[in-house]
Structures are given as structure tokens and as C-alpha cells.
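**Q** First the structure, then my questions, so here it is.
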Amino acid sequence: MPKLKAMQGEAGAWGRIVTALRALPRLLREDLWTAPVDPVPPMGAPGAPVWRPAFGMLLALGATMVAVWHVPDLVPRGAAVPEYAVLLVVSQTLALLAGMWWPLYAWWASLVLTAVSVRVAEPVMAFGDQFPWTGPEMALQSGALFLLALRVHPRRAAIALALSLLTGLVSSAFTTRAHNYSLDVGALVVITAVVIGTALRALRVARTQLVVQSGLTAEERSRRTLLEERNRIARELHDVVAHHMSVISIQAQVAPHLVEQPSEELRENLAGIRENAVEALAELRRVLGVLRSEDAAADGVRHAPQPTLDSLGELIDTVRHAGIDVVAETTGRPRPLPPGVELSAYRIVQEALSNVMRHAPGARARVEVGHHSTAVTVRVVNTAPQTPAARTGGVGHGLLGMSERTAMLGGEFAHGRTPGGGYEILATLPLEDPA
């Protein structure tokens, strides 16, 4: 039995090896021909190298110098330069420059042209010349591999490197005379080029991922801040609506006792009103009650009445005690307001004054509440701060909360800096529901 299991394990191992060997040609074809390379990031995009134009100019200059240096290697000393040598050198130079746009195909062209260059130069090379790769050929091949490693996965760059070294080794095996073999030096040069290119690609990918992740984090932070502010507004509106539903229920219960000999229909209608109010109140508490914060501070104010514009005096006194000079003014004729409008107006003033204390130390503030026939306007403006504000971490809820409250009521909200270096917010809260 153990022997049978061993035989099955060995057969399975051989099967995996055979499968891997069968898949090897397809893998090599994809890695070295069909698979796309990394796109070049546009200028200004995350991970885009700012030195790319300068690098292109230096590459063109360097390729030209290497080409001029390489021409004498292809002809006997003292002989005229044939046209094929010039064509071969120009082709190698163009292949290197093409690597900035098509690095994979440019590497293939450079590899083939280098092999041809070795065969052409081998019969005319002196014993002291480096073979199979001369200095210019090392520069051209390492440049092509470097540009390839910048744009492909390290595995693909390693396969291309291995194929380049194998081509150099094969070229060394077919010679007509003895040479000063330089495969060890050439291998060190091209390996260094691939390592540097791979490291630079890894750095670029890391920077791109960091920028993208930072953007996602900022977006998620903004979304979480928005949800938190909406939850806070929903909790406050829940208290307002719950209060009115409770009043409706109590009035429906008391109403029959205020009428002498109420009819059965009236009793039934009032009982239905009370029952519907109680059910609506229970459903409201069940759905929105989960939005309440569970911290101790929230528990302490859970049953506190929601503030109104009548409480602005206490709020402004508190701000004054904190060292901010605040002036308040009310225009128009005050009258009873819808609970949601009154609560939102108070919270907008509260958030605006909190922003003044945090971001404008020593500034003077002015609060204006205007009562109009169809809307209530809230304007809070402050002067420039006398001292720089301390930097605070995190994302503020102030402007976001004021904007959300105004939008919830169908109003308009504006904010911005004043010419004197201060800041102003203006909210218009309609008294009727938006159509």
C-alpha cells in the first residue's frame, strides 16, 4: 500500500512537470511577444517621471555617440566603412530609441541586430578586442533591457535577460579565431541594467498605488464624514418629529374629554388618530433610534430638548466667554418657525461660530438672522484672525454639516473668504417645503 501511494505520488509529480513543459511555449510567447507592457503614464499623472523629456534627449545623444563608437568595430582597421556597417549601426541605434515607446519589440530588434553585428565583426576583430560583445554592443543591449525592465513585470525582464545571455553564449561558441571573451563583463553590465530598471519600475508602481490609495482614502474619509453628519441631522430631526407625534397622540387622547357627550364616530376617529400616531412614533423610534451614538456624552443629552433660535443668546454668551467678540443682530419680524428650520438655523450659527473659534483666533464675528416672508437667512461673518490658527488633524464637519442642513430644507448655502481676509457663510432656509 505505501509503495502504491509512492508510485501515485511520483506519477503525479511527473504529470505536473509534463504539464508545465507543455505550457512553457505558450508562457514564453505571451511574456516575450503578445502580452502588453505597462502604459507610459501621461505627464502629471501619478507615477509619471518628471525627468522623462530630459531622459529622452540624453538617450538620443547617448545612442548617437555609441553608434559612432561602434562603426569601427565592424570593419578592418584602415579599411573604408561599407554601407552595410552604417545601416547596421543606424538600425541598432533606432532600435534603442524605439524602446521608449515599444520596449518589447525594440529589445527583440536589438537582440537580433546584436547577433548579426557579432557575426559580421567576428572575422575582422583583433585578439585584444572584446568578444562577443564589444563596449558599444554592451551599451546597446543593456539599454534595450533597461527600457524593457522599466515597463514589464520582473519575471518577463528576467526571461529577456536570460535569452540575451544565451544569445551571447551561443555567439561565443561559433568563432573563426581566438578572441578576448567578454561574456562575464557583458553579463554583469546587462544584469545591472535589468536590476536598476526593475527597481525603478517597482518604485513607480509603488508611488502610483500610494497616490491611488491616498485618493481612495480621502474619498472614503469624505464619504464617512458625510454619513456621520447626516446621521447627526437625522437624530435631531427624529427628536423633533417624535415630539410632535407625541403631542398628536396626547391631544387625540384628551380631546374626547373636552366635548360633552362625544359621538361614537368622534371617539373612533380620535382613537384611530391616536393609534396611528403611536404606531408611527414606535416605527420612527425603531428605524431612526439606531442612529443615536452610544457614547456617554450622547446618553447624557438623549432626552434634552432641541435648541431653537431663542437659545442663540446663551450660545453667543458662551462664545464671548471663550474670547471671541461676537455681535448679534435680528432683522424682520420673528414668528413661529417650522421645527426643522429653527433647529437648522441654530445649528448653522453654532457650527459657524465653532469654526471661528478654531480657525480664526482673536477675530471678531457678526451673526445676522433675517426673518422674511418666505425664508429665514442666517449670515455669520468674521474678520481676519489676529494669530495663526493651530493645525488640527482629521476632516472637519462644519461646512459639510451646514451645507447638508440647508440642502435638506431645499435652501441655498454659500461660503467663502472676504476681501479683508475673513470668512463668511450665508444660508437661506425656505419656510415652505420645496416643490
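**Q** I need the peptides 370-378, 331-339, 135-143, 95-103 ranked by packing, meaning the mean over residues of other C-beta atoms within 10 angstrom, with the highest value on top. Before the final figure, lay out each step's value.
**A** Details: 370-378: 16.0, 331-339: 12.1, 135-143: 23.6, 95-103: 20.0.
Order by mean packing, descending: 135-143, 95-103, 370-378, 331-339.
**Q** Would you please give the FRET efficiency between W14 and L87, computed as 1/(1 + (r/R0)^6) with r the Cβ-Cβ distance and R0 = 41 Å, to the nearest 0.05?
**A** Values: r = 50 Å, r/R0 = 1.23.
The value I calculate is 0.25.
**Q** What FRET efficiency, computed as 1/(1 + (r/R0)^6) with R0 = 30 Å and r the Cβ-Cβ distance, is obtained for V212 and A35, rounded to the nearest 0.05? Mind dumping the intermediate values first?
**A** Values: r = 23 Å, r/R0 = 0.75.
E(calc), rounded to 0.05, equals 0.85.
**Q** Counting only heavy atoms of the protein chains, get the accessible area per residue of region 314-357 (1.4 Å probe) and round it to a whole Å² value. Before the final figure, lay out the partial values.
**A** Details: 2150 Å² over 44 residues.
Heavy-atom SASA per residue in region 314-357 reads 49 Å².
**Q** Pop out the carbon and sulfur fraction of the accessible area of region 311-386 as a percent, whole number, probe 1.4 Å. Please list the in-between numbers first.
**A** On the way: 1790 of 3570 Å².
The value for region 311-386 is 50 percent carbon and sulfur by accessible area.
**Q** If you don't mind, there's one more thing I want to ask. Would you grab the residues whose amide H sits under 5 Å from the one on W133? Only those 5+ places off in sequence or on another chain, please, with H modelled 1.01 Å from N.
**A** Under 5 Å from the amide H of W133: S182.
**Q** Protein chains only, probe 1.4 Å: how do R22, R155, R221 rank by accessible area, largest first?
**A** On the way: R22 185, R155 110, R221 90 Å².
From most exposed to least exposed: R22, R155, R221.
**Q** Assuming R0 = 51 Å, what is the FRET efficiency of L61 and L169, from their Cβ-Cβ distance, to the nearest 0.05? Show your work: numbers first, answer last.
**A** On the way: r = 32 Å, r/R0 = 0.62.
Here the calculated transfer efficiency is 0.95.
**Q** Continuing with the same structure: Can you work out the accessible area per residue across region 142-213, with the rest of the protein chains kept in place, probe 1.4 Å, in square angstrom?
**A** Working: 3660 Å² over 72 residues.
Here the per-residue accessible area is 51 Å².
**Q** Using a 7 Å offset from the Cα along the Cα-to-Cβ direction at both R177 and R230, what is the distance between the two label points in nm, to one decimal?
**A** Placing both labels 7 Å along Cα→Cβ, they lie 8.3 nm apart.
The values are calculated or read from the model by the stated rules, or taken from the named source; none is laboratory data. Keep in mind it's a predicted model, so treat the numbers as computed, not measured. Note that each Cβ is placed from the backbone with ideal geometry, even for glycine, and that neighbours are counted across all protein chains shown. Note: areas computed on protein heavy atoms with side chains; ligands, DNA, RNA excluded. Shrake-Rupley method; radii C 1.70, N 1.55, O 1.52, S 1.80 Å.
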